[in-house]
């Protein structure tokens, strides 16, 4: 079947891309991190709410602040990564809606007094944006090591104190060392996971 992008691009983004556990010492520039964000921000969210927020840790000092909040199994590989993104979602996202949804300037009022709706929309759409982030990073030539395995409350206190931002996941970034790749896990087939009605 014809594709909108090449098979090589599809391989880079999906089929041959792997979660990385070891990294080369090739640095990741601030300009490249900015380019990843600039690409991923165009992915759709429900009602264009766009609650994802990112903090990029590139210095040893910044990564050291994160280390104490990581599960033991994630510490070494995270500290070795050239860059680590803390991907969060902002519970104060309704305040940005007049800018993001100018055709409906009262959209933010839909969230007043509805903390469960705020939490649900922030978490769902923030996670959706995290997936776009990984795809954008791969498309721009970076490898990714997305992970949970950290103390979210500790990370929130360390990096997001005084804000409405809650950490969702971490994503180590750089150029992966093939020696650190584990065997690929299986995936469910179409028939196992899908139906057509």
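Since every read-out is calculated from the coordinates, none of them should be taken as a lab result. Since the model is a prediction, treat every value here as computed from it, not as a measurement. Every residue, glycine as well, gets a Cβ built from its backbone with ideal geometry; the counts of neighbours run over all protein chains shown.
A few remarks follow.
- Members of segment 23-47 found to be buried (at least 16 other Cβ atoms within 10 Å of the Cβ), in a loop (DSSP other than H, G, I, E, B) and touching a strand residue (DSSP E or B) at 6+ places or on another chain (Cβ under 7 Å), listed by number: 28
- Scanning segment 180-192 for residues that are over 24 Å from the mean Cα position of the chain (by Cα) and either within 23 Å of residue 17 (Cα to Cα) or part of a loop (DSSP other than H, G, I, E, B) (or both) yields 189, 190, 192.
- Residue that is surrounded by the fewest Cβ atoms within 10 Å (Cβ to Cβ) [pool: residues in segment 159-191 that are touching a residue at least 40 places away in the same chain (Cβ under 8 Å) and out of contact with any strand residue (DSSP E or B) (no Cβ under 9 Å at 6 or more places or on another chain)]: 179
- Any hit, segment 105-126, residues being surrounded by fewer than 16 Cβ atoms within 10 Å (Cβ to Cβ), within 14 Å of the chain's Cα centre (by Cα), touching a residue at least 24 places away in the same chain (Cβ under 8 Å) and under 28 Å from residue 57 (Cβ atoms): yes
- Test result for residue 99, more than 30 Å from residue 32 (Cα to Cα), over 12 Å from the mean Cα position of the chain (by Cα) and part of a helix (DSSP H, G or I): no
- Residue in segment 70-79 that is assigned to a strand (DSSP E or B) and surrounded by 13 or more Cβ atoms within 10 Å (Cβ to Cβ) present: yes
- Listed by first and then second residue, the pairs linking a residue in segment 1-17 that is surrounded by fewer than 10 Cβ atoms within 10 Å (Cβ to Cβ) to a residue that is outside any loop (DSSP other than H, G, I, E, B), with Cβ atoms under 8 Å apart and 6 or more places separating them unless they lie on different chains, are 3/10.
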